[in-house]
Every structure is written in structure tokens, then in C-alpha cells.
Amino acid sequence: MDLDLLERTLADRGEPAYRARQVWEWAARGVADYGEMTNVPAALRELLAAEVPFATLSLADEAHSTDGTIKALFRTGDGHPVEAVLMRYRDGRRSICVSSQSGCPLTCTFCATGAMRFGRNLTAGEILDQALHFRRIEPVDHLVFMGMGEPMLNLDNVLAAARRLPDVGITHRRTTISTVGWLPGLTRFVDEVEQPIRLALSLHAADPHLRSQLMPVNDRYTLDAVLAECRRYFELRHRKVYVEYVMLAGVNDSTDQARELASLLDPAIFKVNLIPYNPTGMYDGSSRDAIGAFKHVLDKARLPSTVRLTRGRDIAAACGQLAAAR
Ligand code: SAH
């Protein structure tokens, strides 16, 4: 729902200020349309249905994985593809992965989104509508900005959406914004955002030369500068920064590279997520043994780490596989 349009439409009609809040609260609780908003007068519900589309995105396709993961493909009003994923875990956690842009202007070599055409930034309403889609299926409690796009290139809309998430059932502590290290947005995020939203950094290599090969953005903003911002985030927010590290066979997965990573990251500040590579054509994923040996080095250095569970691989919904133009 376009919440600005909602507020304008209600204000133009001279409706009391609490109406917009009322309507939003119904939407955030997962109703399917205006008709269910029983404390809003029927005539007004009809007017809203005509003037403020209930959703800014239309569902084009939905794929269900055998592990319970659901991937939704949407189109914006002007036809851009947007994908979002609901991940269901055994412990009951329901985590949504949303897109901040249609496509992505960055060109990380291992990521499928970078290979598709960049469309545009998504509005706050388009970001929220991805979450609301899944909220209409079931209650949700975690959200990560790890779908298509670079959130720090669209920070205002990302934050406007994030601020509304507690109404949907997702606290700020359970909201994570992931970045390649886009410095201007990251600096603003550290300076301006008071909510305890989690920061995640896509690192993928401790060595700057290798990182530049994997992620051209590394030539633009130095790793030192990016890590300095991450440390500043920790000092101000007292929350650990999660580091994402996708495991590429023979590229960044040797035990020497694990030692390099351990000497780069302060265990008091960073926690590493080792991500099994989901094939997108360009690399081979590290073997389980290689991932285990890499993790063992981090363990010995007392740098906290986990190996991420891969979800939705059978429906191309796993990290880096969201490329709508299949
Ligand atoms: N642009 C932001 C937000 C997207 S997050 C960022 O990069 O942080 C997407 C996550 O999935 C990143 O950590 C990315 O590195 C990871 N990823 C991309 N391609 C992948 C692949 N093929 N296999 C596993 N993880 C991948």
C-alpha cells in the first residue's frame, strides 16, 4: 500500500488523522482487502478501494520449495520484477527476505541479481508490500534486506519501510540490513539510525585484491573505510555486525584465507556467516570438508561463526539466485 497516497487521500476528504493509522494497522495485521476493516465506515472503504490500491505489487508467480520456503515474484505497477522469499525454520522462526531494488546496479561476480538489468529503487510501500504478502499467509517475525538490490543505495525508502515493520510483527532487533559496503549509505545508517536494526556486511574476502575481483565495488570504497564504519556501528549500537562470506571453491576458502579473515575481524565486534555457494554458473561451491576446515580455523581464533542453512535451492530462491528474468 502506498501510505503517502493513503494519507493524502484521507486528508483531502477531511477524514480524522487517526484513519490512516487505522487502515495501516489492519493491513499490518494481514487482512486481504479494505472490506475486512470493520471499524472503517463502509463508504470510506469503498472510496479507498477505488483510489488507493490495496497493494502496490501484483503477484506474478509463487514457487514452493520442499523445505517450506516460498518465493514470490511480483511486478511493480510499471512492470519491474521484484522477488521476496519466506523461510520457515524448524524452531518456528519465520523470516522474510525482501528486495530493496528491482535488479541491482552492482556487479558482484557470484550473484545472479547483478547479471540482470537494473530497474529502479523500490518505494517504501513496495518494500512493505513484500512483507505484507507473506504476513497474509502467516505470522512472521524476522526480516532481512538480502533480496535483490543494494539497500544502502535506497536508504530512505528502506528505513521508511523498516520503521513500520514492528506493526507487522517484526521488531527492529529482528530486522537486518545487508550491504556490500556502499560507504555513503553506510555512514548515514551509522550516524542517523537510532533503532537497533542489525547491520550485515557482505565481505567474501579479507584480501582487498581478491575482494575487488569478486566485488568491483571494492575499488570504489576501501575495505578499511568500510570496516571502520562497521566498528563505529558497534560502538554506537552495541550490536555485533554480521559478516557474510560466500564459500567459493579454490577462490576464497583456503585455511590461509581463514587465518587472514580471523586476523582482520575483531571477535568482539563481528560474527561470520559462512554461506554455501548457490550455483549461478560462475564458480564451484566449497566442499563440506573445506567449509569445515575453514570454520575450524575461525573457531581456534575464537572468531564466532556459523554455517548458514541453505533454503529454497530447488526453486532458485537461495541467496544470489533471485533473478526474475529467468
Ligand atoms: N546488496 C546487499 C544485499 C543483498 S544480500 C549485499 O550484497 O549485502 C545478498 C546476500 O547473498 C549477500 O551476502 C550475497 O553476497 C549473497 N550471495 C549472492 N550470491 C550468492 C550465491 N550465488 N550463493 C550464496 N550467496 C550469495
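Check off (1) more than 10 Å from the ligand (Cβ to nearest atom); (2) open to solvent by 20 Å² or more (accessible area, probe 1.4 Å); (3) at pLDDT 85 or above; (4) not polar (S, T, N, Q) for Arg326 and give me the number that stays unchecked.
In the conditions (1) more than 10 Å from the ligand (Cβ to nearest atom); (2) open to solvent by 20 Å² or more (accessible area, probe 1.4 Å); (3) at pLDDT 85 or above; (4) not polar (S, T, N, Q), Arg326 misses (3) alone.
Being open to solvent by less than 50 Å² (accessible area, probe 1.4 Å) and more than 12 Å from the ligand (Cβ to nearest atom) is the filter here; which residues of segment 280-290 pass it?
The answer is Ala290, and nothing else.
Inside segment 115-144, can you point out the residues that are part of a helix (DSSP H, G or I), open to solvent by 20 Å² or more (accessible area, probe 1.4 Å) and either in contact with a strand residue (DSSP E or B) (Cβ under 7 Å, 6 or more places away or on another chain) or near the ligand (Cβ under 8 Å from one of its atoms) (or both)?
Within segment 115-144, His133 is the sole residue that qualifies.
Under 7 Å by Cβ, and 6 or more places apart or on different chains, what pairs join a residue from segment 52-65 that is free of Cβ contacts under 8 Å to residues at least 40 places away in the same chain with one that is outside any strand (DSSP E or B) and β-branched (Val, Ile, Thr)?
none
Name the residues in segment 30-75 that are closer than 19 Å to Cys97 by Cβ and among the aromatic types (Phe, Trp, Tyr), would you?
Of everything in segment 30-75, just one residue is closer than 19 Å to Cys97 by Cβ and among the aromatic types (Phe, Trp, Tyr), namely Phe74.
Kindly indicate whether Lys295 is surrounded by fewer than 20 Cβ atoms within 10 Å (Cβ to Cβ) and either touching a Pro at 6+ places or on another chain (Cβ under 7 Å) or in a strand (DSSP E or B) (or both).
No; evaluated as a whole, the condition is false for this residue.
Would you check if there is a residue in segment 50-71 being part of a helix (DSSP H, G or I) and either open to solvent by 20 Å² or more (accessible area, probe 1.4 Å) or more than 30 Å from Asn278 (Cβ to Cβ) (or both)?
Yes, some residue in segment 50-71 is part of a helix (DSSP H, G or I) and either open to solvent by 20 Å² or more (accessible area, probe 1.4 Å) or more than 30 Å from Asn278 (Cβ to Cβ) (or both).
When residues of segment 145-156 are filtered for being open to solvent by 30 Å² or more (accessible area, probe 1.4 Å) and either near the ligand (Cβ under 8 Å from one of its atoms) or out of contact with any Pro (no Cβ under 9 Å at 6 or more places or on another chain) (or both), how many remain?
Number of matching residues: 2.
Can you tell me how many residues within segment 11-40 are over 30 Å from the mean Cα position of the chain (by Cα), part of a loop (DSSP other than H, G, I, E, B) and surrounded by 12 or more Cβ atoms within 10 Å (Cβ to Cβ)?
Total satisfying the criteria: 3.
The values are calculated or read from the model by the stated rules, or taken from the named source; none is laboratory data. Since the structure is predicted, the reported quantities are computational estimates derived from the model, not experimental observations. Positions of Cβ are generated from backbone atoms using ideal geometry, with glycine treated the same way; all protein chains shown enter the neighbour counts. Just the protein is used for accessible areas: all its heavy atoms, side chains included, with ligands, DNA and RNA removed. Shrake-Rupley method; radii C 1.70, N 1.55, O 1.52, S 1.80 Å.
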